[in-house]
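Dumping the structure here so I can ask a few things about it.
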Amino acid sequence: MVVATLIGLYTLYSIIRAYVSIMQIGYINQIKLKGAVLMDEGAYRDAANYAVAKEKLGMLEGIVEYLLFLVWMMGLIYWVNSALIEQSTTVQSIAAVLGMLLINSLVMLPFGWISKFKIDAKYGFNRSTTKQFIKDTLISTVLTVIIGGLIIWGVSMIITSSVLWWLWSFGFIFAIVIVLNMFFPTIRALFFDKVTPLENGELREKIEELMAKTGFVSSGVFVSDASKRDARLNAYFGGLGKSKRVVLFDTLIEKLSPSELIAVLGHELGHFAHGDLYKNIVMVGAMLFGMFALFGNLPSSLYLELGVSQSPQVIMMVFILLLPMVSFAIMPLMGMMSRHNEYEADRMGSELGGAEHLVNALKKLVSENKSFPLSHPLYRFFHTTHPPVIDRLRALGADIRVDMAEGYADPCPLD
């Protein structure tokens, strides 16, 4: 009964996820026929078609993920566990869990290729080559095997040595999350993007002056050669403590004026000033604690129904399989908090860099990244971490006129 219940819940999750996508696709296909918002007609239609294409691919991914879940729950966990029965507990755990991750990644790999070389290429984003894609995939796989193997080994040791394994495992994984946040910029620079210090000049002086105003101490301001893979504009503040750094995509420097760039960085520094990074870490910690508490107290009859013992590798495999469903259920709460934080960061960005410059920057980001500015309320509720860009622009004082009688008004009560 437990396996049947979990399959039923996962089926319900998959249906809701598909329904949200269907509503989003229908909404965009209708609204794109009305007057363009924030873009010219051609760009508006392109952004709509791009969003629909990505959503359709996501629906197909969801179907395959659901089938994978059924295959694992209805026999593959038993088969993998049986194949490793003669190995030591540590070898069983690492081989079984890594095997699951690698099998799932291999099955889902074509979707990443289609997304990049078909959809992104069609709409002018992809600048990567097949060779680069293969290289990135191999590096990601090696990192997964090395880092993932160490994490699996650690959790396996904890499970076999403590009755309250779920509590200690939570602490272990949460510590790993913090460490990875600290060294993410370094890891990304070592294996994926080439980053170089921003050249001395007016822009660097303005950025350093901006950071000084907010007390943001970083290890430097860097430029990433992200354009070798993608044409989208982006920037990020990464790391914790002394490892913090500012990384600007070369595409962002190319498309935004210095004043607009300062306003965007002012927004990001707003997140820092309000402690949003630490709030997010606390939220992730609370989410992980809830998950470990839940998965650590699943009835033992589940494992009997699966035909396996309650071994470390099986516990971790079940955790991985159920993780997307639980994350989907938690996402609305995290989304609400994130959307609130975005408004606050915008407010600070306008104070530091000027509301007019931030408005212009947001408009350019929407246009250059082909971000369709409208979405169905259900989609916003379950998926978005940022408020609708129209609402953000209005909050900054921009005069954005949209005829509500034309069907644009579709407010999400929780935004």
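Each value in this text was obtained by applying a stated rule to the coordinates, not by laboratory testing. This is a predicted model, so every value here is computed, not measured. Here Cβ is always computed from backbone atoms with ideal geometry, including for glycine, and neighbour counts include all displayed protein chains.
Percent relative contact order of the chain, based on C-alpha pairs within less than 8 angstrom and at least six residues apart?
Once normalised by length, the contact order is 22 percent.
Can I ask one more? Past 22 Å, Cα to Cα, is the threshold; run Lys228/Lys364; Lys32/Lys370; Lys131/Lys370; Lys255/Lys370; Lys135/Lys228 against it and keep the listed order.
Violating the 22 Å Cα-Cα cut-off are Lys131/Lys370.
Only bridges whose two residues both fall in the chain count here: according to DSSP, what percent of them are antiparallel, nearest 5?
Approximately 65 percent, going by the DSSP bridge assignments.
Would you kindly derive the ³J(HN,Hα) couplings of the range 193-207 from the backbone phi angles with the Karplus curve 6.51 cos²θ - 1.76 cosθ + 1.60 (θ = phi - 60°), listing them in order in whole Hz, with x for Gly and Pro?
Values per residue, Gly and Pro as x: 9, 7, 10, 10, x, 5, 4, 4, x, 4, 4, 5, 4, 5, 5 Hz.
So how do Thr5, Thr89 line up by other beta-carbon neighbours within 10 Å, fewest first?
Thr5, Thr89
Right, next: Applying 1/(1 + (r/R0)^6) with R0 = 22 Å to the Cβ-Cβ distance of Ser162 and Ser88, what FRET efficiency is obtained, to the nearest 0.05?
So the FRET efficiency works out to roughly 0.70.
Between the DSSP loop rule and a limit of at most 13 other Cβ atoms within 10 Å, which GluC sites (Glu not before Pro) in the range 176-205 are left?
Sites meeting the loop and neighbour criteria: Glu199.
In whole Hz and in residue order, list the ³J(HN,Hα) couplings for the range 310-315 that follow from phi through the Karplus curve 6.51 cos²θ - 1.76 cosθ + 1.60, θ = phi - 60°; x for Gly and Pro.
3J(HN,Hα) across the range 310-315, in whole Hz: 7, 8, x, 5, 5, 4.
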